[in-house]
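The values are calculated or read from the model by the stated rules, or taken from the named source; none is laboratory data. If you're wondering where the values come from, they're calculated on a predicted model, not measured in any experiment. Note that we place each Cβ from the backbone using ideal geometry, even for glycine, and neighbour counts take in every protein chain shown. Note: areas computed on protein heavy atoms with side chains; ligands, DNA, RNA excluded. Shrake-Rupley method; radii C 1.70, N 1.55, O 1.52, S 1.80 Å.
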Amino acid sequence: MIQHPDKNYIDHIEVEIRDQHAYCFHVDGLPDGKPWYHNIRKFFATREYPENATNGQKRAFKRLANHFFLNREVLYRRTPDLGLLRCVDTAEATWLFEEIHASLCGPYMNGFTLAKKILRVGYFWMTMKSDSIRYV
């Protein structure tokens, strides 16, 4: 540590621990039958946050939306290497599980391998690892 010329002490860093996530990550559709990415797509179209969102949730939602890209009606998630992964809903995720696990990409595999193969094919949803483990 280096002593600051004007101070004899170091300011404390406050860390806030939250009991729940700022935004819910699960592949299930919303209660009204809309896909999990409905609020993100709506944010891109209208720049409006979800109803009853607090300021912290709005900041977290905006940070989350920075990782997504809307091309007409299709929502994509950006990867660190500048690739795009197509966001899918529950029905498409179920179809992907059946196709990739059983036939399209070789023999049966474990959950982690199934999730990696789905990413390699170019699809994404928030809970794909846990869903693929549960599926297998």
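A few points about this structure:
- By accessible area with a 1.4 Å probe, ligands and nucleic acids excluded, highest first: order of K34, K129: K129, K34
- Neighbours of F69 by Cβ distance under 9 Å: Lys/Arg scored +1, Asp/Glu scored -1, total +2.
- From phi via Karplus (6.51, -1.76, 1.60), per-residue ³J(HN,Hα) for the stretch 70-78 in Hz, x at Gly/Pro: 9, 10, 6, 9, 9, 9, 10, 9, 6
- Within the shell defined by Cβ-Cβ distances under 14 Å, the residues around R41 carry a net charge of +3, with Lys and Arg each +1 and Asp and Glu each -1.
- Rounded to the nearest 10 Å², the accessible area of Y49 at probe 1.4 Å: 70
- Of the trypsin sites (Lys or Arg not before Pro) found in the stretch 35-111, the ones in coil according to DSSP and having at most 14 other Cβ atoms within 10 Å of their Cβ are R47, R72.
- Cα→Cβ-extended label distance, 7 Å offset, between L70 and I133, nm: 3.3
- Around the amide H of L75, modelled in the peptide plane, lie the amide H atoms of C87, all under 5 Å away and 5 or more residues distant in sequence or on another chain.
- Other-chain or far-sequence residues with amide H under 5 Å of Y123's (modelled H): R86
- Net lengthening on full extension, D32/E51 (0.36 nm per residue, minus Cα-Cα): 5.4 nm
- Sparse-neighbour loop sites [GluC sites (Glu not before Pro); the stretch 64-125; at most 10 other C-beta within 10 Å; DSSP]: E73
- The phi torsions of the stretch 43-50, fed into the Karplus equation with coefficients 6.51, -1.76 and 1.60 and a -60° offset, translate into couplings of 4, 5, 6, 10, 6, 10, 7, x Hz, rounded to whole numbers, with Gly and Pro shown as x.
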